[in-house]
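Below is one structure; the comments refer to it alone.
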Amino acid sequence: MKRIIREARPSDMTEIMQVMTAAKAIMRQSGNIHQWGEDYPSKTVITADMEKHGAYVIEENGQVVAYFAFLPSPEPTYSTIHDGEWIDDTQPYHVIHRITSYPHVHDIFSSIMDYCFSQDTNIRIDTHRDNHIMQHNTLKHGFTYCGIIHLLSGDERLAYQKATK
């Protein structure tokens with residue numbers, strides 16, 4: 001099996017949206033029924049990630065099996081954190097959003113972390129309170145829970161950071 005992480009292209013959109021649909025099913029099966037409604041993440045959101053050169057796919061044997069966004073700071077929704085504080089709130093950072101994969105593909109989170117930490121040593125991530133899979137993976141990979149942030153919609157998210165320098 002050959003796994004490749006590369007920047008997503010507009011021609012990947014159909015495959016990316018199929019991965020999104022599969023990831024939503026995983027979320028629902030694990031009890032996370034409130035995160036990511038029918039219209040999110042949309043093609044518009046993925047296109048915006050692409051325009052910022054922050055959209056990535058993971059291919060196995062030439063097939064797109066996962067997607068994630070890796071975007072440089074600042075993340076506007078991270079400017080205020082409640083019930084805690086960021087580990088490092090002075091240095092630039094990257095944010096990882098929209099991690100998705102097919103259920104039969106394993107160790108995607110580790111592959112994403114290896115790639116992202118090869119690009120930056122200060123990374124933040126957030127997730128829904130009901131997304132126990134993501135919470136487990138962030139802690140397993142050395143992230144620290146920092147507090148609560150609010151999306152532009154007002155919805156709360158649990159915020160994590162890992163700074164290796």
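Shown for region 55-161: the carbon plus sulfur share of the solvent-accessible area, taken with all protein chains present and a 1.4 angstrom probe, equals 50%.
Close amide-amide hydrogen proximity is noted between TYR93 and SER73, each under 5 Å apart and 5 or more residues distant or on a separate chain (H modeled in the peptide plane; Pro and chain starts excluded). With a simple spin-label model that places each label point 7 Å from the Cα along the Cα-to-Cβ direction, the separation between GLN18 and ILE87 comes to 3.7 nm. Relative to the Cα centre, the charge distribution of the chain, modelled as +1 at Lys and Arg Cβ and -1 at Asp and Glu Cβ, gives a dipole magnitude of about 340 debye.
Would you mind getting the Kirkwood hydrodynamic radius of region 46-104 from its Cα pairs, rounded to one decimal in Å? Let's see the in-between values first.
Values: mean 1/r = 0.0748 Å⁻¹.
Over region 46-104, the inverse of the mean reciprocal pair distance is 13.4 Å.
Candidates GLN18, ALA69, GLN29 compared by Cα position along the dipole of region 7-78: farthest toward the positive end lies GLN29, with charges placed on Cβ. Summarising the amide proton neighbourhood of CYS146: residues at separation of 5 or more, or on other chains, whose placed amide H is nearer than 5 Å comprise ALA159, TYR160, GLN161. Placing pseudo-labels 7 Å out from each Cα toward the beta carbon at GLU156 and ASP130 gives an inter-label distance of 1.5 nm.
Charge dipole (Cα centre; +1 on Lys/Arg Cβ, -1 on Asp/Glu Cβ; no other charges) of region 97-146 amounts to roughly 120 debye.
Listed by chain and number, the lysines whose C-alpha is less than 25 Å from the C-alpha of LYS162, apart from same-chain residues fewer than 8 away, are LYS52, LYS140.
In the chain, helical runs assigned H by DSSP with n ≥ 4 each contribute -39500 (n - 2.57); averaged across all residues and rounded to the nearest 500, the mean residue ellipticity at 222 nm is -9000 deg cm²/dmol. A Förster radius of 30 Å, combined with the Cβ-Cβ distance separating PHE117 from ILE4, puts the computed FRET efficiency at roughly 0.95. Note that region 23-33 has calculated 3J(HN,Hα) couplings of 5, 4, 5, 4, 4, 5, 5, 8, x, 8, 9 Hz, one per residue in order, obtained from phi through the Karplus relation 6.51 cos²θ - 1.76 cosθ + 1.60 (θ = phi - 60°); glycine and proline are x.
Only Cα sites of the chain enter the Debye sum here, all with the same form factor; the resulting log10 I(q)/I(0) across q = 0.12, 0.18, 0.19 1/Å is -0.50, -1.22, -1.38, listed in q order.
Please calculate how many Å² of accessible area the chain carries per residue, with a 1.4 Å probe and no DNA, RNA or ligand atoms counted.
Numbers: 8550 Å² over 165 residues.
That works out to 52 Å² per residue.
Suppose the chain between SER30 and THR164 were pulled fully straight at 0.36 nm per residue; how much longer would it get relative to their current alpha carbon spacing?
Values: separation 134, 0.36 × 134 = 48.24 nm, distance 3.07 nm.
Length gained between SER30 and THR164: 45.2 nm.
Probe radius 1.4 Å, ligands and nucleic acids ignored: give me the carbon and sulfur share of the accessible area of region 1-47 as a rounded percent.
Numbers: 1560 of 2850 Å².
That fraction is 55 percent.
Here region 75-142 is described by how far its Cα atoms reach on the three principal axes: 38, 29, 20 Å, from widest to narrowest. The charge dipole of region 118-165, taken about the Cα centre with unit charges on the Cβ atoms of Lys, Arg (+1) and Asp, Glu (-1), comes to about 240 debye, rounded to the nearest 20.
The values are calculated or read from the model by the stated rules, or taken from the named source; none is laboratory data. Bear in mind that the values here come from a model prediction, so they are computed numbers and not experimental data. Quick reminder, even Gly has a Cβ in these numbers, built from the backbone with ideal geometry, and neighbours come from all protein chains shown. The protein model used for the area step is the full one, side chains on, heavy atoms only, and it has no ligands, DNA or RNA in it. Shrake-Rupley method; radii C 1.70, N 1.55, O 1.52, S 1.80 Å.
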